[in-house]
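Visitor: To start, I am sharing the structure in question, which I have written as structure tokens.
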Amino acid sequence: MMKISQIIKELDLELISGEKGLDNETNGVYSGDLLSVVMASAKEKQIWLTVQTHINIVAIASLIDISAILIVEGMEVEEDTIEKSNELGIPIIRTNKTTYEISIELYKLGIN
Amino acid sequence: MNNSKDKNKIKLEYSIISNDFKRAGETSSNIKSILKKVGIDNKVIRKVAIVTYEAEMNIVIHSYGGNIKLMVEGNNIIINAYDKGPGIEDISLAMKEGYSTATDEVRELGFGAGMGLPNIKKCSDYFKIESSTEGTRLLIKISF
Ligand SMILES: Nc1ncnc2c1ncn2[C@@H]1O[C@H](COP(=O)(O)OP(=O)(O)OP(=O)(O)O)[C@@H](O)[C@H]1O
Ligand SMILES: [Mg+2]
């Protein structure tokens, strides 16, 4: 298990919102952009890698107990998504890297 | 909190507004936190969360609006989702994984994988779907 705050530091990620959840712990990664597929397959405590940025991603993360949402490819995150993330304390973090590139880094960090 | 007593008092009802993407997910989130408070098992909560979320989103995206009701009866969580139409033309097609009539606009947001109804069925111990032009109705039971 590793804290989201530590992963942000180690991989030099950008914290966008949801600071209250920085102590959340994770030991796995899920990647996907089709929401119903994510809903069915992502597991609790995973970090969710996606290019989706609208408010619904926070609801999904909260419903299935995702530890943090990691936005890839530097996508712009909408204002109401940020608000919801702050309200629920689910961190949204961001990287300019691709899903593949950041997955390798997470793996090397021991998240697998 | 006395669990078994409180569980059986649960009777929830929410109205779901068509196309309201901002509030979408609030009903399922609310249900989840209430079930958590009365000490329902996490595995059961996950199933209920998936079922209510997918039902909620289908009402938001595909219908003119509707309602979701949830109650606890003995060891069953009973969920009723119904809307005011336009209904599903071919139910067996709609139940197929990957079948979706979602518009490009909502697909861009990540909806329209055609997995919502199959997810609901997978998570349910009992599942019934009825539909006409007057509306669509789901009856779901999840046992704990
Ligand atoms: N309440 C409803 N009213 C009218 N049509 C519906 C309703 N629910 C589902 N449908 C129809 O059934 C199809 C399949 O639904 P399903 O939930 O499985 O997939 P989806 O909503 O299209 O995509 P996803 O749920 O994966 O985001 C829908 O595309 C739609 O045509
Ligand atoms: Mg659906």
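The values are calculated or read from the model by the stated rules, or taken from the named source; none is laboratory data. Just so you know, these numbers come straight off a predicted model, no measurement behind them. Using ideal geometry, Cβ is built from the backbone for each residue, glycine included, and neighbour counts are taken over all protein chains shown. Keep in mind that these areas ignore ligands, DNA and RNA; they rest on the heavy atoms of the full protein, side chains included. Shrake-Rupley method; radii C 1.70, N 1.55, O 1.52, S 1.80 Å.
Visitor: Percent relative contact order of chain B, based on C-alpha pairs within less than 8 angstrom and at least six residues apart?
Guide: 26 percent
Visitor: Could you name the aspartates and glutamates in cross-link range of B:LYS84, using Cα to Cα under 15 Å and dropping any fewer than eight places away on the same chain?
Guide: Correct list for B:LYS84: B:GLU56, B:GLU130, B:GLU134.
Visitor: If the only charges are +1 at each Lys and Arg Cβ and -1 at each Asp and Glu Cβ, what is the size of the charge dipole of the protein assembly as shown around the Cα centre, to the nearest 20 debye?
Guide: On the way: 30 positive and 36 negative charges, 269 e Å.
Magnitude of the dipole: close to 1300 debye.
Visitor: A plus B alone minus the pair: what accessible area, both sides summed, probe 1.4 Å, in Å² to 100?
Guide: Details: alone 5910 and 8350 Å², together 12560 Å².
In total, this chain pair buries about 1700 Å².
Visitor: Let me check against my output: what whole-number percent is the relative contact order of region B:55-135, with C-alpha pairs under 8 Å and at least 6 apart? Working shown, then result.
Guide: Numbers: 102 pairs, mean separation 25.1, N = 81.
Taking the mean separation of contacting Cα pairs over the length of region B:55-135, I get 31 percent.
Visitor: Mind giving me the nanometre distance, one decimal, between the label points for B:ASN30 and A:LEU88, set 7 Å out from Cα along Cα→Cβ?
Guide: About 1.5 nm separates the two model spin labels.
Visitor: Computed FRET efficiency, Cβ-Cβ of B:GLU130 and B:ASP6, R0 51 Å: what is it to the nearest 0.05?
Guide: 0.95
Visitor: Mean residue ellipticity at 222 nm from the helices of chain A, using -39,500 (n - 2.57) per DSSP H segment of n ≥ 4 over the full residue count, to the nearest 500 deg cm²/dmol?
Guide: Helices in chain A give a 222 nm mean residue ellipticity of -10500 deg cm²/dmol.
Visitor: Next question. Quote the relative contact order of chain A in percent (integer), defining contacts as alpha-carbon pairs under 8 Å separated by 6+ residues.
Guide: RCO, chain A: 32 percent.
Visitor: Might you report the magnitude of the Cβ-based charge dipole of region A:39-112 about its Cα centre, with Lys and Arg at +1 and Asp and Glu at -1, to the nearest 20 debye?
Guide: The calculated dipole for region A:39-112 is roughly 380 debye.
Visitor: Calculate the mean, over all residues of peptide A:29-42, of how many other protein chain Cβ atoms lie within 10 angstrom of the residue's Cβ. Don't skip to the end; give the middle numbers.
Guide: Numbers: counts 0, 0, 0, 2, 3, 7, 11, 18, 6, 3, 11, 9, 2, 0.
Taking all residues of A:29-42 together, the mean is 5.
Visitor: Treating cross-link reach as a plain straight distance, find the lysines whose alpha-carbon is under 20 Å from the alpha-carbon of B:LYS122, omitting any fewer than eight places away in the same chain.
Guide: A:LYS43, B:LYS32, B:LYS43, B:LYS47, B:LYS69, B:LYS96, B:LYS141
Visitor: Pop a pseudo-label 7 angstrom from the Cα along the beta-carbon direction at both B:LEU93 and A:GLU76 and give the gap in nm to one decimal.
Guide: It is 3.8 nm.
Visitor: Size of the dipole of region B:76-122 about the Cα centre, Lys and Arg at +1 and Asp and Glu at -1 on the beta carbon, nothing else charged, in debye to 20?
Guide: It comes to approximately 280 debye.
Visitor: Ranked highest first by average number of other Cβ atoms within 10 Å, how do B:62-73, B:125-136, A:56-67 line up?
Guide: A:56-67, B:62-73, B:125-136
Visitor: Rolling a 1.4 angstrom probe over the protein heavy atoms, how many square angstrom per residue are accessible across region B:35-95?
Guide: 42 Å²
Visitor: Which one of B:ALA24, B:ALA81, B:ILE40 is farthest out on the positive end of the charge dipole of region B:2-143, using unit charges on Cβ (Lys, Arg +1; Asp, Glu -1) and the Cα centre as origin?
Guide: Working it through, the farthest residue towards the positive pole turns out to be B:ILE40.
Visitor: Would you mind telling me the share, in percent, of accessible area of region A:2-108 contributed by carbon and sulfur at probe 1.4 angstrom?
Guide: Of the solvent-accessible surface of region A:2-108, carbon and sulfur hold 45 percent.
Visitor: Hey, another quick one. Run the numbers for B:VAL44 and B:ASP104: contour at 0.36 nm per residue of separation, minus the present Cα-Cα distance, in nm.
Guide: 18.3 nm
Visitor: Another question, then. Name the residues of region B:79-119 whose accessible area falls by at least 10 Å² when all protein chains are present instead of the chain alone, probe 1.4 Å?
Guide: With the partner chains in place, region B:79-119 has these residues losing at least 10 Å²: B:GLU108, B:LEU109, B:GLY110, B:PHE111, B:ALA113, B:MET115, B:ASN119.
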